[in-house]
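Worksheet: one structure, shown below.
The values are calculated or read from the model by the stated rules, or taken from the named source; none is laboratory data. Source: prediction; values computed, not measured. In this analysis, Cβ positions are derived from the backbone assuming ideal geometry, glycine residues included, and neighbour counts consider all displayed protein chains. For the accessible areas, the whole protein counts, side chains as well, though only heavy atoms, and no ligand, DNA or RNA atoms are used. Shrake-Rupley method; radii C 1.70, N 1.55, O 1.52, S 1.80 Å.
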Amino acid sequence: MFLFRATNIIFFLLLSISTCTLAKGQTSRDAELKNIYNKSREEFYNNKKHDNNHQNSLKLCKLLLRKSSKSSELTTKTHLLLYKIYLKRKDYQKATAELDTAFQYWKSHDRFKDMAKTESYYGDIYFSQYDYKTAKKYYLKSIQSQTNIKNSSNLGYAYNALGNIEKELCNYKQALVFYKKALKSNSLNKNYRSICYSKNAIGEIYLAINKKDSAKIHFTTAKEIAKEHNYEKNIAYSTLQLAKTALQSNNSQKALKLYNEAEQQCKIINWQIGIARCYMGMGETFSHSSQYNKAINYIEKALKTFVKNNEKKSIANCYFNIGKILGSIRNIKLSRKNFIKSNRIYTEINDKKGMAKTFLSIGTTYYKEYKTDSVAKYYYKSLKLEQSIKNKKGIALCYNHIGLLKIHQKQYPEAYKLLQKSIRMGKEMDDISLIACATNNLAHYYSRTRNYTTAVKLLRKSIKYGRKIKNKKIILTGYKDLSYNYRKQRNYKRALAYHLQYSKLYGMTYKVEIENRIDWLQMLNAQEKFNTQLKLHQQEQKLQQQTIAAQKTKNLYLFIILTLSIFILLIVIILYVRDKKVNKQLLEENEKRRKAEKSLEEHQKSLVKTIEERTKELVVAKNKAEESDRLKTMFLSNVTHEIRTPMNAIVGFSKLLTLTKSPDKQAYYTKIINSNNNILLTLVNDILDIAMLESHQLKCTKKTMNIIPLLEELRDIHQNTVNETTDFIFDIPNDITEVFIFSDPVRVHQIITNLLRNAIKYTTKGHIKLGLETEKNKVIIYVEDTGIGIPKRNQKYIFDRFRRGDNNTPMHRGTGLGLSIAKNLIDILNAQIRFISNVDEGTTFFVEFERIEKTNDD
Ligand code: ADP
């Protein structure tokens with residue numbers, strides 16, 4: 001029980017410790033994520049590292065999303081930041097995807113305020129793609145959502161956006177309404193950055209409708225607020241707008257100064273687009289003061305940045321301005337080319353204002369070439385577009401241009417109507433430049449309709465306007481036309497005076513212009529030269545690149561082929577090695593099998609051999625057994641016969657002995673009985689001996705013995721038993737009396753006896769010799785006879801038990817034991833026996849003993 005409780009306590013302790021550690025880990029991870037988010041935001045908004053594509057910020061956002069396991073407010077904010085990055089990069093698809101993710105999160109967490117704000121962001125995506133209709137839908141939706149939840153914190157943003165749309169569509173009045181609403185909302189929320197934005201926007205509208213003073217006031221206020229709050233970008237923006245205002249007010253010097261100031265500010269915050277806009281403004285200013293060389297330089301500089309940032313509208317504007325400058329220096333064709341380029345881009349982004357502007361300019365280029373049909377076509381195209389977007393200034397400008405065309409086509413009433421309309425509209429918009437131009441054109445109309453007085457009146461008016469806006473061109477045309485009209489009225493004095501004024505101003509104006517033009521032409525020449533060189537260089541480079549690319553492709557192919565070859569070679573080698581290995585294994589296995597088969601064969605052979613040997617042995621054994629059996633049978637019959645014969649003799653002669661009384665006969669019978677007794681005794685002894693030898697019971701008692709007396713004894717026993725025709729020879733010299741051996745005298749006696757008996761038995765004539773040969777260590781006793789001899793075929797087994805020679809006759813009775821006993825005894829006594837024998841010549845047996853010296857101890 002105690003153990004159980006203790007385990008429980010430990011478990012809970014561990015659990016609480018791990019929970020604590022986890023919680024601690026969680027907080028530290030949250031802090032890390034927040035840190036990443038802040039860094040990413042800082043990178044995006046401040047962009048101190050001049051990272052144009054916001055690469056760093058993007059990387060940090062992605063890192064954060066990778067690190068966070070589930071969606072949270074922080075990840076949603078990261079998605080919103082990513083949306084902003086992608087919007088800047090103009091990757092609208094990704095921007096929309098990020099926004100979708102963020103919106104879903106706000107929606108699932110009932111974050112209505114954030115949802116409304118996100119709706120505005122959707123609007124921004126469409127606005128950036130020039131889809132003002134859809135953009136407007138989202139902005140209005142955002143405003144509606146905010147009204148529904150009674151939250152106005154983001155109203156300013158949406159209203160500003162709506163204002164932007166109306167501005168783009170030239171609905172200046174409506175735009176102004178939205179901007180003012182935005183300003184109001186922003187002021188209520190004390191959102192100063194947005195206040196700046198609204199103020200600038202309002203200023204821009206005033207500038208568009210030619211209310212330069214009002215514009216200036218708003219820009220200045222915006223700049224002041226921005227300065228107060230250190231909104232660097234807003235300061236730069238307001239300065240840029242002020243410069244633009246100065247330019248529109250024909251104050252080139254001031255404009256340049258402000259553009260320079262704006263440029264410096266843009267550079268501080270590395271606002272590339274801002275810098276480009278400054279260059280563009282400077283270009284326009286230089287163009288205004290006929291410094292085309294500089295103008296083109298600046299505009300091209302701006303163009304580069306816009307192209308890099310894919311700012312299409314600004315790119316189109318650059319081409320338009322270049323076209324305008326080229327038109328001023330009468331390079332009509334090139335000028336038209338740039339207008340067409342500009343027009344294409346405006347068409348691409350569906351900027352109707354831009355399209356109308358460029359169509360009018362294209363028309364003017366044709367006007368300069370007197371191609372009236374084309375002029376009319378483009379002028380009306382422009383007018384139609386301007387009317388569709390209700391751009392008053394544009395419409396008025398078109399009327400003015402078409403009016404001039406109508407005069408040219410001698411369609412005076414239409415011309416008059418249009419020019420009048422233009423002047424009226426110009427007055428409505430307070431656009432003096434427009435009024436001046438239109439008035440000049442109207443004067444032209446009167447002059448053509450020979451109403452010189454009205455023409456003069458109007459020309460004076462136009463010169464007045466021209467002076468007001470410091471437009472030398474208008475003044476010059478005015479003087480020239482005045483001179484013409486006075487001439488027509490035959491007022492030559494005035495005509496001359498105005499002509500002189502014209503010439504003077506022309507000289508002053510065009511001297512600079514001509515100089516600039518020469519400069520320009522020189523620059524163009526140099527540029528063309530440079531361009532040709534550049535082109536040549538580029539072509540060379542291209543060629544080089546192509547060669548390198550070809551080489552690279554070749555190398556790549558070579559590499560691939562080489563790799564493939566190596567790969568194939570490797571496979572082949574592997575297969576080969578494997579094959580070889582398998583082959584080797586197979587060979588080895590085969591070899592093993594062959595060896596096994598061989599050993600099996602050998603084994604079989606040896607088995608067969610063994611079987612054969614065994615069979616042979618068995619046959620031999622069988623034969624032996626059979627032989628032994630046969631011999632035993634023969635032995636038995638022999639023994640029976642050998643026993644019966646002496647027994648019969650003994651019994652028969654014993655009976656006869658009792659019957660006769662003759663002493664001779666009795667002696668004779670007794671002799672026969674004794675002889676047969678001996679025969680029987682010898683036989684029994686032999687049988688007993690062989691039985692004892694067989695059972696290894698026969699014991700020998702060895703001792704040092706003199707062989708001579710023993711031989712003499714044997715001579716004495718046997719010399720009388722030989723028949724009459726045989727001689728018994730004792731072949732031992734008389735002087736030899738002692739020859740010693742170490743043996744058993746009884747057995748030696750028995751051996752020699754057996755040999756002598758056989759010699760006597762198998763010899764019928766000749767002699768029997770008992771002899772002795774001595775050597776240093778040897779004693780050889782021999783028994784020689786001249787009997788029947790032993791056939792060669794019998795010689796190898798005459799020492800075997802029961803074996804008898806096959807040349808024996810019935811006279812030669814025996815059991816086949818004599819030689820067998822002798823051999824056995826010789827083996828026991830460590831002596832040797834051998835014989836030589838020839839049939840019908842005789843036999844000699846040699847018995848060899850180790851000779852010893854007699855010692856005193858014996
Ligand atoms: P046995 O004489 O009783 O037949 P042995 O063992 O003494 O048996 O002799 C074996 C055989 O050797 C004899 O049967 C005989 O044929 C032969 N043999 C032995 N000694 C002589 C000999 N001196 N001369 C001829 N044959 C002999």
So for the stretch 106-117 (the condition being among the aromatic types (Phe, Trp, Tyr) and under 20 Å from Lys184 (Cβ atoms)), does at least one residue qualify? no
Condition broken by Ile729, with the remaining ones in (1) within 8 Å of the ligand (Cβ to nearest atom); (2) touching a His at 6+ places or on another chain (Cβ under 9 Å) satisfied: (1)
Just wondering, is there one or more residues in the stretch 36-48 that are within 36 Å of the chain's Cα centre (by Cα), more than 18 Å from Thr75 (Cα to Cα) and modelled with pLDDT under 80? no
In the stretch 286-337, which residues are within 51 Å of the chain's Cα centre (by Cα) and among the small types (Gly, Ala, Ser)? Ala302, Ser314, Ala316
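Within the stretch 424-464, count every residue that is modelled with pLDDT under 90 and part of a loop (DSSP other than H, G, I, E, B).
Here the count works out to 2.
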Between a first residue in the stretch 797-818 that is within 13 Å of His641 (Cβ to Cβ) and at pLDDT 85 or above and a second residue that is part of a loop (DSSP other than H, G, I, E, B) and more than 6 Å from the ligand (Cβ to nearest atom), which pairs have beta carbons less than 7 Å apart while being 6 or more apart in sequence or on different chains? Gly816/Arg801; Gly816/Phe802; Gly816/Arg803
Report the residue count in the stretch 346-375 for those that are within 25 Å of Lys167 (Cα to Cα) and either open to solvent by less than 30 Å² (accessible area, probe 1.4 Å) or of a type in the set (S, T, N, Q) (or both). 13
Hey, can you tell me all the residues within the stretch 718-750 that are part of a loop (DSSP other than H, G, I, E, B) and open to solvent by less than 40 Å² (accessible area, probe 1.4 Å)? Val722, Ile732, Val739, Asp744
The residue from Ala691, Ala649, Ala667 that alone is in contact (Cβ under 8 Å) with a residue 24 or more places away in the chain and either over 22 Å from Lys632 (Cβ atoms) or small (Gly, Ala, Ser) (or both) is Ala649
For the stretch 733-750, state whether one or more residues are within 16 Å of the ligand (Cβ to nearest atom) and of a type in the set (Val, Ile, Thr). no
Residue check, Ile402 open to solvent by less than 80 Å² (accessible area, probe 1.4 Å) and within 20 Å of Ala436 (Cα to Cα): yes
Filter the stretch 783-808 down to the residues that are crowded, with 17+ Cβ neighbours inside 10 Å, more than 21 Å from Leu636 (Cα to Cα) and more than 8 Å from the ligand (Cβ to nearest atom) and list them by number. Glu784, Thr786
Whether any residue in the stretch 836-844 is within 9 Å of the ligand (Cβ to nearest atom), touching a Leu at 6+ places or on another chain (Cβ under 9 Å) and among the β-branched types (Val, Ile, Thr) is what I want to check. no
Of the residues in the stretch 425-452 that are more than 22 Å from Ala376 (Cα to Cα) and of a type in the set (Lys, Arg), the one that is least open to solvent (accessible area, probe 1.4 Å) is Lys427
Determine which member of the set Arg614, Arg593 is assigned to a helix (DSSP H, G or I), farther than 30 Å from Asn331 by Cβ, within 48 Å of the chain's Cα centre (by Cα) and of a type outside the set (A, V, I, L, M). Arg593
For the stretch 466-483, what are the residues that are charged (D, E, K, R) and either over 14 Å from Tyr506 (Cβ atoms) or in contact (Cβ under 8 Å) with a residue 60 or more places away in the chain (or both)? Arg467, Lys468, Lys470
Counting only residues that are free of Cβ contacts under 8 Å to residues at least 60 places away in the same chain and among the β-branched types (Val, Ile, Thr), which one in the stretch 186-221 is nearest to Ser433 (Cα to Cα)? Ile205
Going through Ser238, Ser214 one at a time, which residue ends up being within 22 Å of Met282 (Cα to Cα) and hydroxyl-bearing (Ser, Thr, Tyr)? Ser238
Could you grab me the full set of residues in the stretch 751-782 that are in a helix (DSSP H, G or I) and within 12 Å of the ligand (Cβ to nearest atom)? Ile751, Thr753, Asn754, Leu755, Leu756, Arg757, Asn758, Ala759, Ile760, Lys761
Meets criteria (in contact (Cβ under 8 Å) with a residue 24 or more places away in the chain, part of a helix (DSSP H, G or I), under 48 Å from the mean Cα position of the chain (by Cα) and under 30 Å from Ile474 (Cα atoms)) for Ala276: no
Can you tell me which residue is nearest to the ligand (Cβ to nearest atom) among those in the stretch 809-834 that are charged (D, E, K, R) and out of contact with any strand residue (DSSP E or B) (no Cβ under 7 Å at 6 or more places or on another chain)? Arg813
So Glu224 clears everything in (1) in contact with a helix residue (DSSP H, G or I) (Cβ under 7 Å, 6 or more places away or on another chain); (2) over 25 Å from Leu434 (Cα atoms); (3) charged (D, E, K, R) except one condition, right? Which one? (1)
